[in-house]
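What follows is one structure encoded as structure tokens, with my remarks underneath.
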Amino acid sequence: MPVQIPDDSDFSSFKDQCLTDHGWISRYNKGGVTVWCRDEESKTVQKLKMRIVCKDVTAETLYDVLHDTSYRRKWDTNMIDTYDIGRLTVNADVGYYSWKCPSPLKNRDFVTMRSWLPLGNDYLIINYSVKHPQHPPKKDYVRAVSLLTGYLIQSNGANCSTLYYLTQVDPRGSLPKWVVNRVSQLVAPKAMRKIYKASLKYPEWKRKHNPNLKPWIFPEQNTLPCMSASELTLQRADSLENIDESGLNEEKTQNSDEEET
């Protein structure tokens, strides 16, 4: 299927999903983080939504943190590798991301098209999986599929903001029930707090690391090779390997995912 670069209606629909309560079930609500699930589509492809209020962090800073690949290497301990592949428009690109799964699950990776849009006091970033002919699935990873993943950042005044994260990912495998529970009760809340903590430290870090380099705001700084959406196709989940990890034991994961709370 051909790839469509998101337009204003796609961003508007994503924002509505982030802000509505209808159809969402609260799974976690502690320490300023809320996690909801919505899994009517499929038991294996769960849709999750998270929210955290970030005091002493501006919406602009959160937006920069989520874009800044160099800084992500400092705070995203679940990440194995990430790199940009090409630029589609001034506010859309294609990139690669791989992340550690709780042992003994196999690690996952993605190739996604990402698009972003500042809109008044809001900032939106959304992505979905695509196929790139020069970046096929890798031997040691399971190529997962992002059906829709993204962030909504809303300003709450001069020095406060709210971050929403919505994701629907097909992990390409039958996961054990403990993994699904672990994601909503442990992994997702920790990930949101980690972004918040990283955002508190970002202004000081950025002052020492190319403080004026922000190609997501200033497209003339973008040095990625240009590419056309016609070079890409939509990544269909059924064209990828599907593995069965449903029998793997939770006891083997005690030393994994050790992140600060």
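The values are calculated or read from the model by the stated rules, or taken from the named source; none is laboratory data. Worth saying up front: this structure is predicted, and the values here are computed from it rather than measured. Using ideal geometry, Cβ is built from the backbone for each residue, glycine included, and neighbour counts are taken over all protein chains shown. Each accessible area value is taken on the protein alone, full model and side chains, heavy atoms only, with ligands, DNA and RNA left out. Shrake-Rupley method; radii C 1.70, N 1.55, O 1.52, S 1.80 Å.
Given labels modelled 7 Å from the Cα in the Cβ direction, how far is it in nm from THR89 to LYS214? Simple spin-label model gives 2.2 nm for this pair. Only Cα pairs under 8 Å and 6+ residues apart enter the sum, and on that basis the relative contact order of the chain stands at 25 percent.
For the pair LEU19 and THR233 in one chain, pulling the backbone fully straight at 0.36 nm per residue adds 74.0 nm over the alpha carbon distance. Does the stretch 49-118 come out rounded, prolate or oblate, given a ≥ b ≥ c as the square roots of the eigenvalues of its C-alpha gyration tensor, rounded meaning a/c under 1.5 and, failing that, prolate meaning a/b above b/c? Oblate is the answer for the stretch 49-118, as a/c is 1.5 or above yet b/c matches or exceeds a/b. Comparing THR34, GLY150, SER199 along the charge dipole axis of the chain, the residue lying farthest to the positive side is SER199, per the Cβ-charge model. Summing Lys, Arg as +1 and Asp, Glu as -1, what charge do residues with Cβ under 9 Å from the Cβ of TYR141 carry, TYR141 excluded? Around TYR141, the surrounding residues sum to +3. Applying the Karplus relation 6.51 cos²θ - 1.76 cosθ + 1.60 with θ = phi - 60° to the stretch 139-151 yields 3J(HN,Hα) values of 4, 8, 10, 9, 6, 8, 10, 8, 6, 6, 9, x, 10 Hz, where x marks Gly and Pro. Solvent-accessible area assigned to carbon and sulfur over the chain amounts to 50 percent, based on a 1.4 Å probe.
Pull out a ≥ b ≥ c, the square roots of the eigenvalues of the alpha-carbon gyration tensor of the stretch 1-93, then state rounded if a/c is under 1.5, prolate if not and a/b is larger than b/c, and oblate in the remaining case. Taking the square roots of the gyration eigenvalues as a ≥ b ≥ c, the stretch 1-93 is oblate.
Projecting label points 7 angstrom from Cα along Cα→Cβ for ASN107 and GLN221 puts them 2.9 nm apart.
Over the chain, accessible surface divided per residue gives 51 Å², non-protein components excluded, 1.4 Å probe. Each residue was assigned an accessible area with a 1.4 Å probe, and for GLU204 the value is about 110 Å².
Screening the chain for whole DSSP H helices of 18 Å or more along their axis (Cα) with average Kyte-Doolittle hydropathy at least 0.0 returns none. Distance distribution note for the chain: the fraction of Cα pairs above 28 angstrom is 33%.
Going by a ≥ b ≥ c, the root eigenvalues of the Cα gyration tensor, does the stretch 73-163 fall in the rounded group (a/c under 1.5), the prolate group (a/b larger than b/c) or the oblate group? Taking the square roots of the gyration eigenvalues as a ≥ b ≥ c, the stretch 73-163 is oblate.
A straight Cα-to-Cα reach below 30 Å connects LYS214 with the lysines LYS15, LYS49, LYS55, LYS74, LYS100, LYS131, LYS190, LYS194, LYS197, LYS201, LYS206, residues fewer than 8 places away in its own chain not being considered. Ranking TYR96, THR233, TRP75 by Cα position along the charge dipole of the chain, where only Lys, Arg, Asp and Glu carry charges on their C-beta atoms, puts TRP75 farthest toward the positive end. In a reduced charge model with +1 at each Lys and Arg Cβ and -1 at each Asp and Glu Cβ, the chain shows a dipole moment near 640 debye about its Cα centre.
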